[in-house]
Amino acid sequence: MRLAINAAIMDARPKILLLDDEPELLELYREILAKLPIRPEIHTATSGARALALLAAEPFRLLISDLKMPKMDGLQVLSIVRRKYPQLRTAVLTSVLDEQIRSRAYALGVDLFWQKPTSEQEIKLFLECLESLLEREPEGESGFRGVQSKSLVDIIQLECLVQSSVVLRITNGPFTGKLWIQNGELTDAAADNLSGEAAFKRILSWKTGNFETLPPEPARPRAIFKPYNALLLETAQALDESRGLDAAAPPGSAASLLASLAQFQGLEFVLVLKPGAAKTFDACGLEDPEPMAQWTRQTLEGFRSLGDRLKVGAVRQMECLGLQRQTALAPQGENVLCVGWQHTLSAGQIQDMMKKVVVLWAS
């Protein structure tokens with residue numbers, strides 16, 4: 001019984017592969033990684049070819065690679081690894097400080113890009129990042145990563161802790177934002193029509209997405225003056241409070257959707273038609289939603305019938321312009337979303353905003 005338990009524990013130990021062309025450094029890194037509480041099983045390779053052979057022979061949880069190596073450099077290895085082993089965690093440990101190389105590494109899906117530590121504090125931070133990385137399950141996760149996933153808070157903290165100067169571009173479906181970090185300090189943010197702290201809070205509310213690193217812009221005027229850790233805490237508290245307020249409205253309801261769409265200027269109401277013989281609907285922002293629900297249903301059925309006769313396919317979205325109000329309809333599965341906009345908005349503006357509205361509704 002004891003032997004079976006010990007064998008299970010041994011099998012549960014994560015395997016780490018270290019790749020560096022300097023054997024002395026490999027032994028040093030082995031000693032450093034042995035301090036991890038999860039007691040990983042550590043293997044080493046002094047060439048890219050040897051590392052790829054080991055990866056093909058047995059499963060690993062994490063690859064830590066140097067960049068500057070003869071014959072096959074670290075970026076070439078990482079490119080092959082990303083294609084052949086998409087679930088493998090990857091980290092770069094290098095003395096090369098080049099923003100273009102850093103951006104290329106993150107574009108390949110690297111989880112962690114770290115300068116070779118030279119102090120006890122840097123070693124401690126490096127081990128903490130690795131421990132967090134190894135504790136996350138590779139499947140079913142959400143978050144931010146160059147190609148897969150990673151916590152946006154982790155990314156910001158990491159860039160600030162290592163005193164980076166970089167611009168992070170974050171995308172979440174049709175939404176795009178930027179964070180400016182200079183010498184480890186968060187100096188500005190931009191998202192949609194927002195900037196500074198308001199944009200930072202908007203970006204941090206996104207649950208998933210992709211990010212990439214861009215060259216720093218030291219000449220950009222500073223708009224955020226709070227320490228990054230204080231701003232992260234303040235934003236997290238504000239998001240918790242807003243989620244608590246939204247909890248009163250059922251998820252997916254018009255009320256909860258309208259609350260999440262408050263960022264869009266000119267939006268007046270939200271109505272969701274639901275399937276069924278009772279022809280039910282959910283609405284928010286309308287004093288008497290029944291006429292609008294009936295109009296939405298009749299209009300959509302009329303254009304669906306016209307589309308069938310003309311053989312032009314299903315209705316994807318409609319913008320109806322009027323003297324008092326503009327209205328957009330977007331069928332999604334068995335439900336239909338109807339959004340009212342101020343009459344001052346153009347059809348092009350409504351189309352652009354509806355792309356984002358539909359993404360929020362679907363999520």
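Computed quantities for the displayed model
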item	result
Test: residue in segment 291-298 that is among the β-branched types (Val, Ile, Thr), at pLDDT 80 or above, under 34 Å from the mean Cα position of the chain (by Cα) and closer than 20 Å to Met353 by Cβ	no
Residue among Gly313, Gly307 that is more than 17 Å from Gly266 (Cα to Cα), in a helix (DSSP H, G or I) and at pLDDT below 80	Gly307
Among (1) modelled with pLDDT under 80; (2) surrounded by fewer than 19 Cβ atoms within 10 Å (Cβ to Cβ) - the single one Phe144 does not satisfy	(2)
Search result, residues across segment 304-348 that are without any contact (Cβ under 8 Å) to a residue 12 or more places away in the chain and under 26 Å from Thr176 (Cβ atoms)	Ser346, Gly348
Hits in segment 101-136 (condition: farther than 24 Å from Ser79 by Cα and not in a helix (DSSP H, G or I))	Pro117, Thr118, Ser119
Helices (runs of 4 or more DSSP H) fully within segment 152-262 counting 2 or more residues that are at pLDDT below 80 and under 30 Å from Pro289 (Cβ atoms)	228-246, 254-260
Candidate set from segment 45-67 (those that are touching a residue at least 40 places away in the same chain (Cβ under 8 Å) and part of a loop (DSSP other than H, G, I, E, B)); member that is nearest to Asp20 (Cα to Cα)	Asp66
Considering residues of segment 79-122 that are more than 18 Å from the chain's Cα centre (by Cα), among the hydrophobic types (A, V, I, L, M, F, W, C) and more than 20 Å from Pro14 (Cα to Cα) only, the residue surrounded by the fewest Cβ atoms within 10 Å (Cβ to Cβ)	Leu97
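So that you can scan it fast, the table gives a plain yes or no per residue for (1) of a type in the set (D, E, K, R); (2) at pLDDT 85 or above; (3) more than 17 Å from Leu26 (Cβ to Cβ):
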residue	(1), (2), (3)
Arg61	yes, yes, yes
Leu67	no, yes, no
Leu78	no, yes, yes
Ala107	no, no, yes
Pro117	no, no, no
Leu125	no, no, yes
Pro138	no, no, yes
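The values are calculated or read from the model by the stated rules, or taken from the named source; none is laboratory data. Because the structure is a prediction, the values reported are computed rather than measured. A quick note on method: Cβ atoms are made from the backbone with ideal geometry, for glycine too, and the neighbour counts reach across all protein chains shown.
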